[in-house]
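Peer 1: Take a look at this one; I'll ask things after.
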Protein chains: 4
Amino acid sequence: MGCLTMNDHVNPPENKRLRIINAATAVFSRKGFHNAKVEEIAEEADVGKGTVYEYFNSKKELFLEMILYTHDKYQDRLKQKLFEANTIEEMLKTLFEVTMQFLNQHKEMALILLADHPPADEETHRVLMEKEQQKVEEVSKMLDGAVDRKEIRPVNTDAAARVILGSLALTGSQIVFFENKSELDCKQLTQDVIDILLHGLEA
Amino acid sequence: MGCLTMNDHVNPPENKRLRIINAATAVFSRKGFHNAKVEEIAEEADVGKGTVYEYFNSKKELFLEMILYTHDKYQDRLKQKLFEANTIEEMLKTLFEVTMQFLNQHKEMALILLADHPPADEETHRVLMEKEQQKVEEVSKMLDGAVDRKEIRPVNTDAAARVILGSLALTGSQIVFFENKSELDCKQLTQDVIDILLHGLEA
Amino acid sequence: MGCLTMNDHVNPPENKRLRIINAATAVFSRKGFHNAKVEEIAEEADVGKGTVYEYFNSKKELFLEMILYTHDKYQDRLKQKLFEANTIEEMLKTLFEVTMQFLNQHKEMALILLADHPPADEETHRVLMEKEQQKVEEVSKMLDGAVDRKEIRPVNTDAAARVILGSLALTGSQIVFFENKSELDCKQLTQDVIDILLHGLEA
Amino acid sequence: MGCLTMNDHVNPPENKRLRIINAATAVFSRKGFHNAKVEEIAEEADVGKGTVYEYFNSKKELFLEMILYTHDKYQDRLKQKLFEANTIEEMLKTLFEVTMQFLNQHKEMALILLADHPPADEETHRVLMEKEQQKVEEVSKMLDGAVDRKEIRPVNTDAAARVILGSLALTGSQIVFFENKSELDCKQLTQDVIDILLHGLEA
DNA sequence: CATGAATGAGCGTTCATTCAT
DNA sequence: CATGAATGAACGCTCATTCAT
């Protein structure tokens, strides 16, 4: 767009910072934290290697900021959509749809967002764990609301949140890892998972 | 001890190979793939650094073999226990119990087994994906049996397998990451999860 | 203050150049040549980093100019004071006093002025050596005068200059490195050194 | 010599460690601490870059160990020779001769041994200061003995030690920096300096 | 087979210098 | 003249891998 040049003038530093974050997203996702080279990120962002260190103090910090940025983008989109959902089934559908859509758009990021293990160090790990725990709590609250509205049984909503997020993760990994699935299959899989979540396995 | 020396004589090579695998399990689990040093593994195995390369061609190969070995040990124990289970509920209970027990014993390994993204390279990633897919298929088969026995509804067993394994993973990560849970809480959480899996969320 | 602004108008470029030299003196003294950062000097001088390069072609050049400037300031003060001294003893006292006073005021600079080895490169080294040689020659001349006046024996004044300047350097380093000396001790040490220089060690 | 190969067998590690120390002496002396590259030291020692780190934890540590090693070598030779000296004049002659001889053989090292300022960091600086202080104290003791034997006046021996060591340093730097001096000039300069030290400047 | 000393490719980070504004 | 964002050459250090013994 023509306005890109304009943005360069309006907000040059943020613009460059964003370019680096986006490059980092791509490279870290392709290579993982340890195999990604700062130089490669700089190249992808079309800036000098030193410039990366003008905006971030270290590779680790860049990684963390990148995760947080992506995570927030995902959560914002999710919250906005969830606001429009009324029943628990609609909520689950929204949760799965938004997640799958996000994964399709950021296939590269998925491994990192889905996988919850320490990519770099104690500090990074701690932050990621907190984000994960937040997710569990948010879904838990969502379920509490549904219990109050008598939409679902008075189950242990903490346990239920884990069942839902776990299902979501493995369904998502399916999509990310095996690209040969048609969108139809994907929708069907989501539908079936939600059906099981709502009605259980038993006859 | 004297018997250690005896073992050295009875089966020196396999014994040493196993010592290295076990050391690798410990060190990789403590440090992760990239932060683990071959030298540290050698020390832990009480062999020379060069010896590691007598049994494994590279750090990557050692990592992969170690994962496979641990995975097999887990699956063997699981299969043996599942053999004794008759109903689907018993099976799920066994699946969760064996997994949690394993995680408690190999807390260190958990992050790597739970996390499903490439710790090293394409090849390793592929092998891990295959193992994961196998797991989905095995649970899927188990469910097919349950459907045949009319124990559970004729659901999409592929979807159901993902729901179960996903729930298992997130419940497990809870146990691994937050050590302050009592065993009681842990059992209760497992119980609640299985209840939701069997009977669903809906009222 | 208002007069600072006035100076800015009267002699802006020289003023800024001087501000940079003074900042360089402070920073180089605190950190040494290699650990001092041009950016830090710019900050201390309250100018932009680029501005430093308007007045000096490189970090090395700035360092050299700074040394020369400080050295000249020291020599000017020394010459002025030496003019008032009549006997060789008074001259030595003046030499020691002015030097010690200067060291106390520029403790930071001392290490660099005392140390006579290349802080940066060949060129800088050469210039510093020349300055040092000049010092030897000046003291030598001062001694020639004293010999002519029959104040001191007809010794090799070149050798004598080295004895004096060497004693000065080590006495000075004492003051710079060990700050816990009282001014009394300092004066006494100076007195004792001069006594030895004049009357020798022998009984 | 043929025995070099033999030494390789007798004491390989110490041999290599020594080769690195010697290479470090040469390179640090040529370039100074900050301009010396570890790789260059490794090349000079004819070992791989990594090998340097097998024997020393860091560039700084290597530098310090090199200084200590050279310093000790110098002091050992000095002590041994001083043992043979009886009068204070002989002692001073020995001190100057051994130092000058050492400087001629290790011209490269001289700048660092003579100059007493921090080449790298706080720790290194502290160690070098201690060594310097030791030297002052040793000379001081030597003088105390001479005072006891009524060889010299009861001067402040601390001050006298500084006069001597200072003269030594500046005389030495003369020799190191200006290579064009004949050995005769050198001996004469030394002789003149000692004369002044013993008999003073005054008529 | 076993060893561990030796190696060097590789990477994160720094900072003097430049130049568009 | 003044600026400071951008740059990339340079270097210390790590560690998987090799190979002589």
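Peer 1: Quick one: label points 7 angstrom along Cα→Cβ at C:Lys93, distances to the other copies in nm, smallest first?
Peer 2: Computed spacing set for this position: 3.7, 10.3, 10.4 nm.
Peer 1: Taking a label point 7 Å out from Cα toward Cβ, give me the nm distances from D:Thr51 to the same spot in the other copies, shortest first, one decimal.
Peer 2: Label-point separations across copies, in nm and ascending: 2.7, 4.3, 5.2.
Where a number appears in this text, it was derived from the coordinates with a stated rule and is not lab data. As the structure is a computational prediction, the values presented were derived from the model and not from experiment. FYI the Cβ positions are ideal-geometry reconstructions off the backbone, even for glycines, and counts take in every protein chain you see.
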